[in-house]
Amino acid sequence: MKKLNSPEDLENLRREILAKRDPNKTVVAVCISTGCQALGAQEVLEALENELKKRGLENKVDIRCTGCLGFCEQGPRLVIYPQEIYYFKVKPEDVPLIVSKTIIKNEIAENLLYVDPVTGKTAKHLYEVPFYKYQTRLLLENNAKVDPTKIEDYIALGGYTALAKALFNMTPEQVLEEVKKSNLRGRGGGGFPTGRKWETTRNALGEPKYVIVNCDEGDPGVFANRALMEGNPHSILEGLIIGAYSVGASQGYIYVREEYPLAVKHMQMAIEQAEAYGLLGENVLGSGFSFKVKIHRGAGAFVSGESTALMSAIEGKVGEPRPKYIHSAVKGLWEKPTVLNNVETWAFVPLIVKNGAEWFKTLGTERSKGTKIFTLAGKVNNTGLIEVPMGITLWDIIFKIGGGIRGNQKLKGAQVGGPSGGIIPKQHLDTPIDFDELVNLGAMMGSGGIIVMDNNTCMVDVARFFVDFLCGESCGKCVPCREGLKQARKILDDIVAGRGKSSDIEELQEIAEALSDAALCALGQTAANPLLTTLRYFREEYDAHIYEKKCPALVCKELLTFYIDPEKCTGCHFCFRSCNDQAIEGKIDKIHVIAQSKCTKCGQCFDACPPEYGAVQKTSGEPAPPTLPEDHRWLKKPWQTAEVAGPQKAVVIVNSKTAADIIKKSNRPVLVVGSKAAEINLEDKNLIDYIVEFACETNIPIIAVSSVAGEFIKRGYKPSMWLSAMEIGSRLVDKSWMGVDGGGPHDMALFVGFPYYVGAELLSALKHYAQGLTTVNLDNMYHTHAKWSLPNLGLEEWVNYLTGITLQFKNGGK
Amino acid sequence: MLSEKTYKIDEIIDKYVGKEGALIQLLLEIQRSLNWIPREAVQKISEKLKIPVSEIHRVASFYTAMSLVPRGKHLVRVCTGTACYVRGASRILDAAEQTLGIKAGETSEDLKFTLEKVNCLGCCALGPVAEINGKYHGLLTRKKLEDILNRKRDESP
């Protein structure tokens, strides 16, 4: 690789790269960022490589591995150039279709296009997808166009021309002036004007000076920096070099958190490639300016994102913040003047230098210019990374880009700015967002996390979550943060567990004030935000927890009661199986109940209950409805069988007259009674009572399953025979069996009182092996293997059938 | 085995001797290579880099990425960041704890699994998320995670 020695060399290289490219050649861009990989992008990539090889197309089609386009939930994502067709949710098994249809025949595979869940329309191009339609993507735009591991891709798009312009056409002061004029504000959280920070460092005494990229991104719920560093590392690097030139630094650091291995890898490659081309290192582009960059891997601490803590970490010490009596722009890393900016801020620098401050200022609000990347997550339909102009409303973000709230729930609010931010309630979501407006609402830009919360989110629980998080991440150096958060957590723990006191809220408020006044660094000072905003906007939820011992969102475990709605329970037994504590009573086809004394409120039964039944329910602040007594738990719902009947299935007996007619046709019928006959309560009597009545009226003999014989005898009726169920089946199959009275084989067997599976098994056996025997099912669940069967019946209808049949015999006789 | 470990530790430490502010990177590299930071390594670093053992302990116990006790063969990290949390990450963590029979932050007795909860894995759009041995699993349900963990358990002796 030849070192570039002048801007002309760079331009020539760019032309060379472009000349080698055939604009009509098919390129498949596969997103291999962490998000898509979690959904199987690697497997898709391998399938694509294999398929192209199999068809001998590997030289005709280029595969480009690219970074994140933001719509992660719809991943893995492919783009096919030059047509620019976007395919979402691609699986390895879709690959042959993509190759045969789109790559070879130039046709679109409709089933892989994005379908708008609202309109049901498919979108071929990105601008037709609502998620993208309302975005302005200055930084993220190139993520789908460049392979982050190839500097040539970045150069082909005009990369490093801003650096050349700065080095050769501008003095460091002019670069600084341009950045100042653009009003670029730090994207990392506070929104400090970048130009002013640079100026302070430039004018500060002390050599050497340092520039640092902060990619600690410890805020839970945010991944903008990861996406940029994984997807387009050179844009950050170029910004950093320009910044170093402007402030007069010769050494830079890129601080990346440990959880982002792919970002580290891509940045490392970017540095090596830039050095190889002479864009970094000694004598950059032959300009005489020299600059070196090192990557520093974080080790998993939220507080390290704080500027002074981050610098301590680079120095090899524990990442604890230090008091900022002197700003780190003057005394930072190793006590030297240091500029520390966020990934996004650095990535804007080349764009501003290249296009000018005026261009940048056309976007955004009065005091916040340009675009901002937000991570949209939580309970919205479309989640992912979005880049929007400052001044857009949260309402537009949630409903236009986010496509509204998931599962038809109601919007409650949005948490903006990570643990240091605050929760903005629904009524304020139409405020245009920029750095200052968010602060007015009690939140902050932070690193741009927007987590949408719906009715099922408990705000007290969310506040507890953030306080718990910050408590764990507090470095412990200053007392307000270390002790204050601990106390706040204790109070919140009590409130969500139903032990809240009326003095709690006042105490929380006091702690919050002490934190913001007295904590050493921004972590502690802003730690009160989630507390204060929830107290300000959702006070009634705190009150419900404290005074009514009720969690209105049904989230806080200790305040919940689980129960099963007997009207909805289908007796499927799923909840029973899911329970680890034996707290559920029930058998298949009986209504299940939860024994409250044993329930640990783990919620497993709630998850296990199929959503179409929705029988397991939660309630809070009130006891569960009383459970049904044991003998009322038989299901009244018709039974649905999943059995496949084959070509012959039972004919449904439409009414009791038909039933009687069928029975009357038989010469030697027998009634077979199963084990459940004595357990089923119908109106005021037992099923067995109806059976006895029926048998007396019709004179049809009874064979009972042994376990119920006693019940008959108790009622003064002696069955002709009692045997085990399977033995009864064997006798009926046996052609030489002379029946219960020895008078010859029976030609009809009526079945009643059997558990469903026993009945099914008997009837299935008889259907196949007992020719000449007509089987009739008189149980209230349709038996497909009988010759004749009652339909699925509720208990009341069943009683009507049974008494109806008996009545037919009374009137007509036999 | 022991000598191989010792050799590895020496090799890593030697790379950092004389470098300014190298302690964190050095500890991370030992962590990556051995999956924990043994006492032997702490002592060696102290001797070779002239850093007090107490200072090394302070750093190693501050950062979540470093472990002063052995970790299991499979590292299971369940994300409990905000986005995952509102989508039910605590239930996913419950499932992991029940399936593995250990609490977050613990290692199973057979040294097969270590379970951790992490603040954010940066896959917020895919919540709830867990990372198992460096591979990310998105849009998790209890069932999905239980299946993955059971498979891992059965995989090797």
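The values are calculated or read from the model by the stated rules, or taken from the named source; none is laboratory data. The shown structure was predicted, so the numbers you read here are calculated from the model rather than taken from an experiment. Cβ: placed from backbone, ideal geometry, glycine included. Neighbour counts: every protein chain shown. Side chains are part of the model used for accessible areas, which takes the heavy atoms of the whole protein and leaves out ligands, DNA and RNA. Shrake-Rupley method; radii C 1.70, N 1.55, O 1.52, S 1.80 Å.
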What percentages, rounded to whole numbers, describe P(r) for the range A:658-814 computed over all alpha carbon pairs with 5 Å bin width beginning at zero?
-> 2, 9, 21, 24, 23, 15, 5, 1, 0
Percent antiparallel among DSSP beta bridges with both residues in chain A, to the nearest 5?
-> 45
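Go through the range B:18-59 and name the GluC sites (Glu not before Pro) that are in a DSSP coil and have 15 or fewer other Cβ atoms within 10 Å of their Cβ.
Numbers: sites: B:20, B:29, B:40, B:47, B:55; in loops: B:20.
For GluC sites (Glu not before Pro) across the range B:18-59 that sit outside H, G, I, E and B with at most 15 neighbouring Cβ atoms in 10 Å, the list reads B:20.
Rg to Rh ratio, the range B:2-62, alpha-carbon atoms and Kirkwood radius? List each step's numbers first, then the result.
On the way: Rg = 10.4 Å, Rh = 11.4 Å.
Expressed as Rg/Rh, it is 0.91.
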Residues in the range A:33-50, backbone N under 17 Å from the label point at residue A:63 (7 Å along the Cα-to-beta-carbon vector): list them, ranges by number please.
-> A:33-34, A:36-50
Taking Cα atoms only, helix A:479-496 is inclined relative to the longest principal axis of chain A by an angle, in degrees rounded to 10, of 20
Within 10 Å of each Cβ in peptide A:598-606, how many partner chain Cβ atoms are there on average? Round it to a whole number, please.
-> 2
Helix-only CD estimate at 222 nm, as mean residue ellipticity for the protein assembly as shown, using -39500 (n - 2.57) per DSSP H run (n ≥ 4) = -11500 deg cm²/dmol
With the solvent-accessible surface defined on protein heavy atoms using a 1.4 Å probe, which residues belonging to the range A:266-305 display a reduction of at least 20 Å² in accessible area in the multichain context relative to the isolated chain?
-> A:296, A:297, A:299, A:300, A:301
Using alpha carbons only, how many degrees (0 to 90, rounded to 10) separate the axis of helix B:23-34 from the longest principal axis of chain B?
-> 60
Roughly what would the spin-label model give for residue A:558 and residue A:124, points 7 Å off Cα along C-beta, in nm?
-> 6.0
Leading residue at positive end of dipole, chain A (Cβ point charges), from A:183, A:669, A:24 | A:24
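What shape does the range B:74-154 take by its C-alpha gyration tensor, where a ≥ b ≥ c are the square roots of the eigenvalues and a/c under 1.5 counts as rounded, a/b above b/c as prolate, and the rest as oblate?
On the way: a/c = 1.72, a/b = 1.61, b/c = 1.07.
Because a/c hits 1.5 or more and a/b exceeds b/c, the range B:74-154 counts as prolate.
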For the range A:508-631: relative contact order, % (alpha-carbon pairs under 8 angstrom, 6 or more apart) | 25
For the range B:113-131, which residues drop by 20 square angstrom or more in accessible area between the chain on its own and all protein chains together (1.4 Å probe)?
-> B:119, B:120, B:121, B:122, B:123, B:124, B:125, B:126
Full-extension gain in nm, residue A:797 to residue A:513, via 0.36 nm per residue minus C-alpha separation | 95.4 nm
Ratio Rg/Rh, restricted to chain B and using Cα atoms, in which Rh is the Kirkwood radius | 1.04
Tell me which aspartates and glutamates have Cα within less than 13 Å of residue A:124's Cα, excluding those fewer than 8 residues away on the same chain?
-> A:84, A:107, A:110, A:116
So which residues in the range A:447-470 end up with at least 50 square angstrom less accessible surface once the other protein chains are there, compared with the chain by itself, probe 1.4 angstrom?
-> A:465
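Name the trypsin sites (Lys or Arg not before Pro) in the range A:152-227 that are in a loop by DSSP and that have at most 12 other C-beta atoms within 10 Å, would you? Don't skip to the answer; put the middle values down first.
Values: sites: A:165, A:180, A:181, A:185, A:187, A:196, A:197, A:202, A:209, A:226; in loops: A:187, A:209.
Nothing satisfies the criteria.
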Once label points are set 7 Å from the Cα along Cα→Cβ at both residue A:713 and residue A:108, what is their separation, rounded to one decimal in nm?
-> 7.9
In nm, to one decimal, how far is the residue A:543 label point from the residue A:11 one, both placed 7 Å along Cα→Cβ?
-> 7.1
In the range A:726-792, trypsin sites (Lys or Arg not before Pro) in a DSSP loop with at most 11 other beta-carbon atoms within 10 Å = A:735
Taking Cα centroids, how far is the range A:37-82 from the range A:501-530 in Å?
-> 49
Taking the alpha-carbon centre of each part, the distance from the range A:711-733 to the range A:306-326 in Å is 86
Solvent-accessible surface (1.4 angstrom probe) belonging to residue A:461, in square angstrom, nearest 10 | 20
Å² per residue, accessible surface of chain A at 1.4 Å | 40
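Once the Cβ-Cβ distance between residue A:651 and residue A:568 is put in as r, and R0 is 35 Å, what FRET efficiency do you end up with, to the nearest 0.05?
Numbers: r = 32 Å, r/R0 = 0.90.
Efficiency at R0 = 35 Å is approximately 0.65.
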Give me the aspartates and glutamates in straight-line cross-link reach of residue B:50: C-alpha distance below 14 Å, same-chain residues under 8 apart excluded.
-> B:14, B:20
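Using only protein heavy atoms and a 1.4 angstrom probe, determine the accessible area buried between B and A, summed over both sides, in Å² to the nearest 100.
Numbers: alone 9270 and 34390 Å², together 39730 Å².
What B and A bury together is about 3900 Å².
Need one number: % antiparallel among DSSP beta bridges in the range B:74-154, to the nearest 5. Display every interim value, and only then the final one.
On the way: 7 of 13 bridges.
So the antiparallel bridges amount to about 55 percent of the total.
May I ask you to order B:103-114, A:682-693 by the average number of other C-beta atoms within 10 Å around their residues, highest value first?
Taking the mean over residues of other Cβ atoms within 10 Å, the ranking is A:682-693, B:103-114.
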Cross-link reach from residue B:44 to lysines, straight Cα distance under 20 Å and at least 8 residues apart if same chain, gives A:317, B:5, B:8, B:15, B:19
Per residue, how much accessible area does the range B:14-87 have with a 1.4 Å probe, in Å²?
-> 43
Take every residue in peptide B:89-98, count the Cβ atoms of other chains within 10 Å of its Cβ, and give the average of those counts.
-> 2
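Do you know the relative contact order of chain A, to the nearest whole percent, from alpha carbon pairs under 8 angstrom that are 6+ apart? Working shown, then result.
On the way: 1642 pairs, mean separation 68.6, N = 814.
About 8 percent, as a whole number.
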For chain A, the Debye formula with one identical point scatterer on each Cα and no solvent gives log10 I(q)/I(0) at q = 0.06, 0.07 Å⁻¹ as -0.58, -0.70
In whole angstrom, how far apart do the alpha carbon centroids of the range A:201-251 and the range A:746-770 sit?
-> 79
Mean separation of Cα contacts under 8 Å (6+ apart) over length of the range B:74-154, as relative contact order % | 39
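Given a Förster distance of 45 Å, report the FRET efficiency between residue A:334 and residue B:5 from their Cβ-Cβ distance, rounded to the nearest 0.05. Intermediate results must be reported in sequence, preceding the final value.
On the way: r = 34 Å, r/R0 = 0.76.
Result of the calculation: an efficiency of 0.85.
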